[in-house]
Structures are given as C-alpha cells and as structure tokens.
Amino acid sequence: MTSHFLRAELEAIYPTKFVQMDETRFRIFNTLYELPLVYILACLINLFVNSAEYIETDTKKGVKLGDVTMTYQSIYNDVDTCMDIVHRKGGPLKTETVKDVEKYVVKDERLPTLLTRLHQQGKKVFLATNSDYKYTNKLMTYLFDTESNSEKREWISFFDFIVVDAKKPLFFSQGTVLREVNQETGGLHLGTFTGKIRSGAIYSGGSINVFNELMGTVAADREVLYVGDHIFGDILKSKKVRGWRTFLVVPELAQELSVWTVKSHLFAKLSEFDYQIAEIYKHLDSSDTSKPDISNIQKAIRAVTHDMDQSYGMLGSLFRSGSRQTFFASQVMRYADLYANSFMNMIYYPLTYAFRAPPMHMPHESTVDHESRLTEEQFRKIGLAWRSRSSKDPKPDK
C-alpha cells in the first residue's frame, strides 16, 4: 500500500487511478537480479530531487542545474547501462561470483538425484542458459560436486542437450548463429553448426527452431516442461511461441507462504468487510436515492490492506496488493502451468503425476447457490433469457 505522504501526490497525478502501461513510460522488473537496479535508481532520483542545487523541470520529468538537465529517463538509462556492464561476459559480477562460489551460489544435494531419476524414466533433459560456457562450467561443476553424485560424473553427462549464450528471449524467435563450443579452450568453432546435435557436446546461440531441426523430433511441444525463473524471457515466450508446459521458479515464494501462514486471517477480514458492504446494499435497487454510509468499512479495509502489505516488507507482497492480485501474479496465473520456490520440489512427486489446477468459480458463478435451482424471476434479475425446458429453440434465420 502506498505510504500516506504520497497519496495526495498520486491522486493529483492520477485522479482516475488509471495508468497507461506503455513501454515508453514503464519498465517491468521481473527478477531478483533487478532489485539492486531499482534500489540504485530510487536512491539517485531521491538524491537529485532533495538536493538544494537541483530544481525540478517544468515538465516534472527530470531535474536541472543551470543549463544542465537530467531527465528521469536518462538517469534510468545510465543505471541500466551500468548494470549491463557489471553483468556482461567478463564483467565484475561474474568475476567476483566465481572467486567465491560457495558464498553466492546455493547448492542442492538433491539435484543429481532428480536428474538421474528423469533419465531413468526415459526423459530428455535440456539446458539453455544465457551465460557463457566458462562461467556456466564453473558454476555447474560446483553444483554437481555433491555426495549424491557418488560416481563423480561430470555435470555435462546429466543433460542430453546443452546451449550456452542462448540470448533468451531471442532464442525463442529469430535467434542467433549456432556454433559448437570447444570445451578445452572455451572458444567457439568457426562457422555455423549444421550437423546433428549430439549428447555430450555444448552449443552456443542458435534458436529453438534450428535446434529442433538438428536434434530431430524428441517430443511434441505439449510434452515439454520448461523450467525458468524469468516470467517474460523464459515462461511467457516459451508458452506463446512454442506452447510448452511451463514451470516458473519464484524464490520469493518461500517468504510469501511464511507470511501468508501467519497473516491469512487478515485476508479473511477483507472478505468479511466485502460481505458487510454487500449486506448493506442487499435490499436496495435503482429506486433508492439515498447513499448508504460505508466510510467506516472502507477505512477498515484500508487499514487491514496496509497491515497485509507491510507484513511482506517495504515492497509489499509479490503476489497481492490487499485483496487484489498484482500484475506479476496475473502473469503467473496466465502463463505458468506450475510455479514453486524451487524446481527441486518435483523430487517429491512421481514423474507420472498429473498436476491439475483446483476448479475456480468466475464472479457470476460464485453468486449462485448450487444446492438450489434458480427461479424464472432470478434468471430475469441477472439478465439471462428464460426458456421452458419443454419449448423448442426457434430455427435461426438464414
């Protein structure tokens, strides 16, 4: 929930509370990696806005000092460029990570076991990462150095097909040039690879269409379960372009569930408030001119919503804003067939398990008492055409 000191400003800028979410005004941040970007951007804007030397521009889209103007867009562009430099191949982020892998990378002893079981039951395992080969090799070597990997198999042997530098989401459309990786040097072989994709080899770039052609038909699109942690680059694109089954990894879900377990009674309170409002209006219709006073209930709703949001921390819940779903939650519901805080949760299910979403009522369905039949009068009230069961449908006009 928005802090109270910002409410007046927001209502002045967005009096109708309608926000046009076009790409020229908004950037959607989807991953934990982008949290530092958001934090640095907020700090810089706060610094300039509160500086005695800088004044806000007439358009309120930036600040200026004398003849120098900085728009908030340009500040964002600079921060985004710096993040790209830090994250790119050979950048300080990956360099520092491999220096102390144990500090930055979480190892799961169950990983080799899960992949082994997948192979034992005839499944093919495919790895596609945007990281380069050298970085991938160091991290994967560390991840598979576990007691459960008693045979000390190389990490490459756990995958049937491997692609590095995939450049997702571009990988799901036109892609890039497909090359084979020299595993001794980490370099790329010259020219475009056009041979048959083989197990044990590592490839760079390419596209999903080219890859499918070269490795032959392994599985129909609906038989592929794609696991990723990026709602846009992994889940949305693979679902819309290929029609794959999707599994979204949301690390924050562990915290979300922890808070929900303790604070779910607050959500029950919101439902109770909605019921109270419905009861107040229950016996009113369009002939009533007086407006019921529900201000106290609305005030209580705002207070409970604030308590709920604050329970999740400064940024609130990833999935809820009070009783409503966030934009991220709506995307998860639409594009992710499965989601969890870790794909290792699959180890607790048989690989033949049929996951099904629980049945959900639409708003119009939830108003019906399914234990009783609707009368003709009730049908009229909700705008449905009533037909006697014994009547015949008229023939349509030709």
(request) Kindly express, to the nearest 10 degrees and within the range 0 to 90, the angle between helix 35-49's C-alpha long axis and the longest C-alpha principal axis of the chain. (result) 60
(request) Could you calculate, for the chain, the ratio of the Cα radius of gyration to the Kirkwood radius, expressed as Rg to Rh? (result) 1.04
(request) Just need the relative contact order of the chain here, percent rounded to a whole number, with Cα pairs under 8 Å and 6+ apart. (result) 11
(request) Give 61/134; 138/167; 103/168; 124/237 a once-over and call out the pairs whose C-alpha atoms are over 31 Å from each other. (result) 61/134
(message) Suppose R0 equals 51 Å. What FRET efficiency, 1/(1 + (r/R0)^6) with r the Cβ-Cβ distance, do residue 310 and residue 192 give to the nearest 0.05?
(response) 0.40
(request) Averaging sequence separations of C-alpha pairs under 8 Å and six or more residues apart, then dividing by the length of segment 119-211, give the relative contact order as a whole percent. (result) 31
(message) Taking a virtual spin label 7 Å from the Cα of residue 124 along the C-beta vector, which residues in segment 153-196 bring their backbone nitrogen under 15 Å of it?
(response) 159-163, 196
(request) Quick one: which residues, 5+ away or cross-chain, put their amide H under 5 Å from the amide H of residue 55? H built at 1.01 Å from N. (result) 64
(request) Give me 327, 172, 319 ranked fewest to most by other Cβ atoms within 10 Å of their Cβ, as a rough exposure proxy. (result) 327, 319, 172
(request) Can you tell me the relative contact order of segment 44-142? Whole percent, Cα pairs under 8 Å, sequence separation 6 or more. (result) 15
(request) Mind ranking 271-284, 76-89, 352-365 by how tightly packed they are, going by the mean number of other C-beta atoms within 10 angstrom, highest first? (result) 76-89, 271-284, 352-365
(request) Count the net charge of all other residues whose Cβ sits under 15 Å from the Cβ of residue 47, scoring Lys and Arg as +1 and Asp and Glu as -1. (result) -2
(message) Net charge around residue 124, counting only other residues with Cβ within less than 12 Å of its Cβ (Lys, Arg = +1; Asp, Glu = -1)?
(response) -1
(request) Give me the angle, in degrees from 0 to 90, between the Cα long axis of helix 4-13 and the longest principal axis of the Cα atoms of the chain, rounded to the nearest 10. (result) 80
(request) Using a cut-off of 14 Å between beta-carbons, work out the net charge of the residues near residue 236 (Lys and Arg +1, Asp and Glu -1, residue 236 not included). (result) +4
(request) Please give the peptides 106-112, 45-51 ranked by average Cβ packing (other Cβ atoms within 10 Å per residue), highest first, as a rough proxy for protection. (result) 106-112, 45-51
(message) Can you classify segment 4-87 as rounded, prolate or oblate using the Cα gyration tensor, where a ≥ b ≥ c are the square roots of its eigenvalues, rounded means a/c under 1.5, and otherwise it's prolate if a/b beats b/c and oblate if not?
(response) oblate
(message) Can you order the peptides 339-347, 10-18 by their average number of other Cβ atoms within 10 Å per residue, highest first?
(response) 339-347, 10-18
(request) Kindly provide the Kirkwood hydrodynamic radius of segment 146-263 in Å, to one decimal, from all pairs of distinct alpha carbon atoms. (result) 16.4
(message) What does the extension gain come out to for residue 327 and residue 101, with contour length at 0.36 nm per residue minus their alpha carbon separation?
(response) 78.0 nm
(message) In whole Hz and in residue order, list the ³J(HN,Hα) couplings for segment 122-127 that follow from phi through the Karplus curve 6.51 cos²θ - 1.76 cosθ + 1.60, θ = phi - 60°; x for Gly and Pro.
(response) x, 8, 9, 10, 10, 10
(request) Express in % the proportion of alpha carbon pairs of segment 114-192 at distances exceeding 15 Å. (result) 63
(request) Scan around residue 128 for amide H atoms under 5 Å from its own, H built in the peptide plane at 1.01 Å from N, and keep only partners 5 or more places away or cross-chain. (result) 163
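Rule-based calculations on the coordinates, nothing more; no lab input. Remember, predicted model here, so these are calculated numbers, not experimental data. Cβ: placed from backbone, ideal geometry, glycine included. Neighbour counts: every protein chain shown.
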